[in-house]
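In what follows, a structure is listed as structure tokens, so that the remarks can point back to it.
The values are calculated or read from the model by the stated rules, or taken from the named source; none is laboratory data. Fair warning: this is a prediction, and the values are worked out from it, not measured in the lab. With ideal geometry, Cβ positions are generated from the backbone for all residues, glycine too; neighbour counts draw on all protein chains shown.
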Amino acid sequence: MSNVYDILEERGYIDQVTYEDELRELLGSEPVTFYIGFDATADSLTLGHFLQIMVMMYMQQHGHRPIALIGGGTTMIGDPSGKADMRKVLTKETIDYNASRFKEQLSKFLDFSEGKAIMVNNADWLLDLNYVNFMREIGIHFSVNRMLTFDCYKNRIDKGLTFFEFGYMLMQSYDFLHLYRNYGCKLQLGGSDQWSNILGGYELIRKLEQDKVYAMTFKLLTTAEGKKMGKTEAGTIWLDPEKTPPYELYQYLRNTDDRDVEKFLSLLTFLPMDEVKRLGSLEGAEINKAKEVLAFEVTKMIHGEEEAIKAQKAAKALFYGGAEEGSIPHTEMDKSIFEEGIGILDLLKEIGLTKSNSEGRRLIDQGGISIDDVKVETINRKITLDDFKDGKIMIRKGKKVFHQVRVKN
């Protein structure tokens, strides 16, 4: 059996790792229990999380045991990494609900049957900790001077860093210790922005247990422009089909920058690397075929083959002018709304294409809004029943975002 470390390295996942040669040998010689944590800050995982899920799937396919750690406890504080201000403090009820949604989504990708994978929630051991005992056992091993050299804290010094957030690293480090003691977990994985937090747990176990454990981070999912993949003008790309319909996910991936196609095929699909390189080498109009493969493969994994086929048909229907077909995002609205008419700015907000009137004005001024392929020329445009054909209109935002409005009696 091939070594999963070599696969992760070849496909471009690995960023930093402790004791690389030792870990590679370990992964090639015996099953390893590892974990990745997911803080429950929203009610759905995102496309950015999907890269981490891909790593977990590769590891599981090669005989290693994932622990999917839901951060019901750590989310009570919130990771300060990459944040200019303190995260919004969520209620326990909200966190618990978010955690339940994460569990549902992760179960679609990993086999949690006996011995194959474990799902745990760190609320089970963090929320009832005794503060003094915790600081005596754990806090004594952390140097404040050293912690302040880490980016997650150093970047916040000038703007303000609360003691509340300062405890996050200790809690995440304790997670690794707890999973080591209770499940034999030897490896923590995470995004490159988690390196300092992961090192905290790695060093804590080596101090308290005098045993070898390992840490590995993988590169964040970013575009050629340096932006986080999955972040758009309209908002985040979610794995929940109610928040980001399959068609929108497909279209987002179909519109990938030419420079990113090979990279995303490598990181977000299971296609063999020979095929990834072949598709990535296509040029000119041919590269669009590779983008369609990327969009179909990822949509299929996240939402199933049936939804991926529907999304593909909808995209092709729009391209060839058959906008009535497929699973194009749509909103049904009462017929009465259009009897007197509704302003275009209000309609755009109502169906979620814009967040504010000012955004709508800007788009219309720039020629970025069309109704049934006719540009909207004025912000004073009213949409009435006369605009509908067979009870439907198609609104296009920019070149690539479509939304159908349907009237109902």
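Among F109, F38, F102, which is part of a loop (DSSP other than H, G, I, E, B), within 26 Å of P241 (Cα to Cα) and assigned by TED's automatic domain parsing to the domain that holds D193?
Result: F109 is the single residue among F109, F38, F102 that is part of a loop (DSSP other than H, G, I, E, B), within 26 Å of P241 (Cα to Cα) and assigned by TED's automatic domain parsing to the domain that holds D193.
Cβ-Cβ distance below 6 Å, separation of 6 or more or different chains: which pairs start in region 323-352 with a residue that is farther than 20 Å from G368 by Cβ and end on one that is at pLDDT below 80?
E325/A317; G326/A317; K335/N409
Every residue in region 351-365 that is of a type in the set (D, E) and either in a strand (DSSP E or B) or farther than 21 Å from Q251 by Cβ (or both), please.
Result: D365, single match.
Among (1) more than 22 Å from F142 (Cβ to Cβ); (2) part of a helix (DSSP H, G or I), where does L170 come up short?
Tallying (1) more than 22 Å from F142 (Cβ to Cβ); (2) part of a helix (DSSP H, G or I), L170 fails exactly one: (1).
Which ones in region 300-324 are within 21 Å of G352 (Cα to Cα) and at pLDDT below 65?
A323, E324
Where the second residue is assigned to a loop (DSSP other than H, G, I, E, B) and small (G, A, S) and the first is at negative phi and surrounded by 15 or more Cβ atoms within 10 Å (Cβ to Cβ) and lies in region 356-372, which pairs have Cβ atoms under 9 Å and are six or more apart or on separate chains?
Filtered contacts from region 356-372: L363/G398; G368/G398; I369/G398.
Which members of region 250-289 meet the condition of being touching a Gly at 6+ places or on another chain (Cβ under 7 Å), farther than 11 Å from R11 by Cβ and not hydrophobic (A, V, I, L, M, F, W, C)?
none
How many of the residues making up region 173-201 are more than 25 Å from K116 (Cβ to Cβ) and not hydrophobic (A, V, I, L, M, F, W, C)?
So the answer is 7.
Give I337, I309, I328, I302 a once-over and let me know the one that is over 16 Å from L249 (Cα atoms) and either of a type outside the set (F, W, Y) or surrounded by fewer than 13 Cβ atoms within 10 Å (Cβ to Cβ) (or both).
The match here is I337.
Quickly run through region 222-269 and pick out the residues that are within 19 Å of E305 (Cα to Cα), without any contact (Cβ under 8 Å) to a residue 40 or more places away in the chain and either surrounded by fewer than 15 Cβ atoms within 10 Å (Cβ to Cβ) or among the charged types (D, E, K, R) (or both).
E242
Do you know which of the residues in region 185-221 that are among the polar types (S, T, N, Q) and in a strand (DSSP E or B) is surrounded by the fewest Cβ atoms within 10 Å (Cβ to Cβ)?
Here the answer is T217.
Take the residues of region 277-299 that are part of a helix (DSSP H, G or I) and farther than 15 Å from L253 by Cα: which is modelled with the lowest pLDDT?
A285
Consider region 1-29. How many of its residues are acidic (D, E) and either touching a residue at least 60 places away in the same chain (Cβ under 8 Å) or within 21 Å of A68 (Cβ to Cβ) (or both)?
3
Which residues, counting only those in region 4-35, are assigned to a strand (DSSP E or B) and among the hydroxyl-bearing types (S, T, Y)?
The answer is T33, Y35.
List the strands (runs of 3 or more DSSP E) that sit entirely inside region 366-409 and contain at least 1 residues that are modelled with pLDDT under 85 and out of contact with any helix residue (DSSP H, G or I) (no Cβ under 7 Å at 6 or more places or on another chain).
392-397, 401-408
Any residue in region 137-152 that is among the aliphatic types (A, V, I, L, M) and either modelled with pLDDT of 85 or more or outside the structural domain of Y214 (by TED's automatic domain parsing) (or both)?
The answer is yes, given that some residue of region 137-152 is among the aliphatic types (A, V, I, L, M) and either modelled with pLDDT of 85 or more or outside the structural domain of Y214 (by TED's automatic domain parsing) (or both).
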